[in-house]
Structures are given as structure tokens and as C-alpha cells.
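Working notes, beginning with the structure itself.
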Amino acid sequence: MDTCIFCMVASGEMDARKVYEDELVIAFDDIAPQAPVHTLIIPKSHHIDLGDDVSPDLLNALFSAVPKVAKIKGVDTSGYRVIVNNGRDANQTVGHLHVHVIGGRSMSHGMVLFDGE
Ligand code: 5GP
Ligand code: ZN
């Protein structure tokens, strides 16, 4: 999948501000942050979305990385929102599974990020 930008981040072909890495996943800051903290966690292997042959081990690695990333970014006690845009109706724009970790400011009640913006 050499045309996939997140595969290129995972392989080091594309620069990214790396936050965390283990055997299965890598986390890096979003290029267009929507909050003071906006980090993406991706599998190193290419999966389009949650329905694309994602093993329990990989799911475990992805979501186990969330609190680690939150601690590294300093939002573990203030709180953060975790979002997976999965597929067309969710407006997934990059076809490589990724988990958004967003924080550093107060967010709206409910599912959207910010009220009135
Ligand atoms: P989606 O809308 O698919 O859930 O989120 C894709 C995210 O990837 C967006 O927040 C976008 O800003 C981010 N993004 C797209 N291209 C790049 C890139 O080349 N580098 C980084 N660090 N983030 C990217
Ligand atoms: Zn990929």
C-alpha cells in the first residue's frame, strides 16, 4: 500500500510528529489539529477501517495506546475525546484506520466537537 499516506507515515517515508510507537501501532500529531491536542493512532499494517480484518490483538493495541498517548500529551487527567470516523457517512477522509485523540480544551456535550463553530 505504498500510495497510502498513513502507511508512508508508518514506514517513515513521510514525516510526522511521532508521539508513541510500539510493535503494532504508531501515534503522531494530526497535520490539521482541531484542538490543542489532536493525535492520531494507526495500525502499522494497512486496514481501511474497523471492518477490514482487524484482529482482536490489533484492536487491543490501538485502544491500549489511547491512555498512553493521553498521558504523553498531558490530557490524561483533564480528559479527551476518542473518535473513529469509519466509512463514508462518518466522513472518513483517509482510508487507513485511525483513532483520533482530541483534548486540551473543553468540548461540547454530545458527539460533535465544539458548539457553534
Ligand atoms: P478522518 O477525517 O479520515 O477521520 O481523519 C483524517 C485526519 O488525518 C484528518 O484530521 C487530517 O487532518 C489528518 N491528516 C491527513 N493527512 C495527513 C498527513 O499527511 N499527516 C498527518 N499528520 N495528518 C494527516
Ligand atoms: Zn495504509
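The values are calculated or read from the model by the stated rules, or taken from the named source; none is laboratory data. Everything numeric here is computed off the predicted structure, so don't read it as measured data. Counting neighbours? That spans all protein chains shown, and the Cβs are built from the backbone with ideal geometry, glycine included.
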request  = State the number of residues belonging to segment 10-23 that are in contact with a strand residue (DSSP E or B) (Cβ under 6 Å, 6 or more places away or on another chain) and either part of a loop (DSSP other than H, G, I, E, B) or within 17 Å of His47 (Cα to Cα) (or both).
outcome  = 3
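Which of the residues spanning segment 39-88 are touching a strand residue (DSSP E or B) at 6+ places or on another chain (Cβ under 8 Å), assigned to a helix (DSSP H, G or I) and exposed (fewer than 13 other Cβ atoms within 10 Å of the Cβ)? It would help to see each step written out before you state the result.
We begin by selecting, within segment 39-88, every residue touching a strand residue (DSSP E or B) at 6+ places or on another chain (Cβ under 8 Å); these are 39-44, 54, 58, 61-63, 65-66, 68-70, 72-75, 78-85.
Adding the requirement that they be assigned to a helix (DSSP H, G or I) leaves 58, 61-63, 65-66, 68-70, 72-73.
Within segment 39-88, none qualify.
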message = Being within 22 Å of Glu23 (Cβ to Cβ) and without any contact (Cβ under 8 Å) to a residue 40 or more places away in the chain: is that true of Leu59 here?
response = yes
task = Could you tell me whether any residue of segment 28-50 is within 16 Å of ligand 2 (Cβ to nearest atom), small (Gly, Ala, Ser) and closer than 24 Å to Asp76 by Cβ?
result = no
query = From the set of residues in segment 19-38 that are free of Cβ contacts under 8 Å to residues at least 40 places away in the same chain and within 10 Å of ligand 1 (Cβ to nearest atom), which is surrounded by the fewest Cβ atoms within 10 Å (Cβ to Cβ)?
reply = Ala32
key: Subset of segment 89-101 that is assigned to a loop (DSSP other than H, G, I, E, B) and within 16 Å of ligand 2 (Cβ to nearest atom) - its residue that is surrounded by the fewest Cβ atoms within 10 Å (Cβ to Cβ)   = Thr93
request  = Evaluate the following for Val9: is it modelled with pLDDT of 95 or more and buried (at least 16 other Cβ atoms within 10 Å of the Cβ)?
outcome  = yes
